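Let me begin by presenting the structure, written as structure tokens, before commenting on it.
No value in this document is a laboratory result; all are computed from the given coordinates. None of the values given here were measured: they were computed from a predicted structure. When we count neighbours, we look across all protein chains shown, and the Cβ atoms used for this are built from the backbone with ideal geometry, even at glycine.
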Amino acid sequence: MTDSTLILPPDGRQSETALMVARGTRRLLRHLGFASVTELTLASHRRADLVALGDDGTIWIIEIKSSIEDFRVDQKWPDYRQHCDRLFFAIPENVPQEIMPEDAGLILADSYGAAVLREAPEHRLAAATRKAMLVRVARTASERLHRLADPGHY
């Protein structure tokens, strides 16, 4: 039997630090029972770093901040609340925790794993918004798998 592992190529938009934080955070999410996709374009045309789905349909968005400057220049994160039940920031250890907004969860990550330092407040999505997000995640993940499995015909 051959190895059928498919490797996602980096899309070039993230720094090495952001990729490291994403990897560790996704490992944590999987351990917590969530499946996740990266770089998901939302209905608002914003792009979420990580979107995680729980078995019960719970949706988390995790915004990765790789540096103080990254946090200061990127103020689009409040818009993510309308697309998730909980909003988290994920940071590496060199980003000061105290600059992260208190009204969002906080995850500390490296390339090997992560830990939730602060739970995110819950703000449940309306049913129609949840359905739209679930369809968006499913279609995006399916299209990415198709491109990997059949790159010449997509």
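Any idea what the dipole of the chain comes to, in debye rounded to 20, about its Cα centre with Lys/Arg Cβ at +1 and Asp/Glu Cβ at -1?
520 debye
Of the beta bridges DSSP finds with both residues in segment 16-153, what % are antiparallel, to the nearest 5?
If I count the DSSP bridges inside segment 16-153, around 60 percent turn out antiparallel.
Using the Cα atoms of the chain to build a convex hull, what is its mean projected area in square nanometres?
10.2 nm²
Please give me the summed charge of the neighbours of Asp150: other residues whose Cβ is under 15 Å from its Cβ, Lys and Arg +1, Asp and Glu -1.
+1
Based only on other Cβ atoms within 10 Å, what is the fewest-to-most ordering of Phe89, Phe34?
Result, fewest neighbours first: Phe34, Phe89.
Amide H neighbours of Arg118 under 5 Å, at least 5 residues apart or on other chains, H built in the peptide plane: list them.
For Arg118, the qualifying residues are Leu106.
What number comes out for the charge environment of Tyr112, summing +1 per Lys or Arg and -1 per Asp or Glu over other residues with Cβ under 11 Å away?
+1
Contour minus end-to-end for Ser111 and Arg23, with contour as 0.36 nm per residue of separation and end-to-end as the Cα-Cα distance?
31.1 nm
Quick check: net charge around Phe71, other residues with Cβ under 10 Å of its Cβ, Lys/Arg +1 and Asp/Glu -1?
Value of the local net charge: -2.
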